[in-house]
1. Obtain the nm distance between the two label points defined at K120 and S147 by a simple spin-label model: each point lies 7 Å from its Cα along the Cα-to-C-beta direction.
2. Given springs between every Cα pair under 10 Å in a Gaussian network model of the chain, which of A97, A129, A114 has the largest fluctuation?
3. Considering only protein heavy atoms and a 1.4 Å probe, what is the carbon-and-sulfur percentage of the accessible area of the chain?
4. In terms of Cα to Cα distance under 23 Å, which lysines are near enough to K14, apart from those fewer than 8 places away along the same chain?
5. Taking the alpha-carbon centroid of each part, what is the distance from the stretch 53-95 to the stretch 13-28 in angstrom?
6. Within the stretch 38-59, whose backbone N sits under 19 Å from a point 7 Å along Cα→Cβ of I79?
7. Hey, can you rank 14-27, 66-79 by average C-beta count inside 10 Å, highest first?
8. Give me the extension gain from R27 to S127: residue separation times 0.36 nm, minus the current Cα-Cα distance, reported in nm with one decimal.
Amino acid sequence: MSAPASDMIIRDAKVEDVPQMSAFLGRIAEMGRRVSPWDEDFVLRNYINAADKIQCALAEDDGKVLGFQSLKLATEGNIYDVTPGWGIIGTHVNPDAARRGVGRSLFTKTLRAAHEHGLKKIDASISAANPEGLAYYEAMGFRTYRSPNDLICKCYDL
Ligand SMILES: CC(C)(COP(=O)(O)OP(=O)(O)OC[C@H]1O[C@@H](n2cnc3c(N)ncnc32)[C@H](O)[C@@H]1OP(=O)(O)O)[C@@H](O)C(=O)NCCC(=O)NCCS
């Protein structure tokens, strides 16, 4: 593990963060760890201004975005087929800042928001071919509850 990101600030993601968020999502895609779009318009619509957004937590160190974590409410007919009323989580850490506790710190803020929102369960849907993602969610306390197609879906019980 690298040195912890000790000066990191955890806050809500803002419109001004979109270029950096988009840039490292592109790098994650190049690494084969993302199939969804990553252009700035998608980031704005899907994370910052999403209608089903509960929170989008972001980690920053001296102006550099280290990662972000999206928490959304599963609504009727959601594309992930998650039970309506559950939370849906997505975690994206800048490859430059991997394994320095960014994901762990983001989850502390996300969990607080989930409690405040009265969520009972949170879904994390991860590619079966993503061992880091699977290990991360397992370490945060998520457990596998279904495996559709090439996904592993893990659930966190609040
Ligand atoms: C998966 C990901 C979110 C982890 O974020 P991170 O900031 O590197 O994770 P942390 O440093 O907070 O690690 C927390 C714990 O998760 C586990 N973990 C994280 N990365 C791991 C890895 N590469 N291998 C094994 N375990 C890992 C460990 O238990 C770790 O605790 P430890 O370092 O004390 O052993 C990050 O690698 C990432 O964004 N990957 C690309 C996108 C992605 O796969 N998102 C998730 C699935 S959709």
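1. 2.7 nm
2. Its mean-square fluctuation being the largest, the pick is A129.
3. On the chain, the fraction of accessible area on carbon and sulfur atoms equals 51 percent.
4. K53, K64, K72, K109
5. 13 Å
6. Zone members listed by number: 38-56.
7. Highest-to-lowest ranking by the protection proxy: 66-79, 14-27.
8. Additional length available on full extension: 34.3 nm.
The values are calculated or read from the model by the stated rules, or taken from the named source; none is laboratory data. Since the structure is predicted, the reported quantities are computational estimates derived from the model, not experimental observations. Glycine also receives a Cβ, built like all others from the backbone with ideal geometry; neighbour counts cover every protein chain displayed. When the accessible area is computed, the model is the full protein with side chains, heavy atoms only, and any ligands, DNA or RNA have been set aside. Shrake-Rupley method; radii C 1.70, N 1.55, O 1.52, S 1.80 Å.
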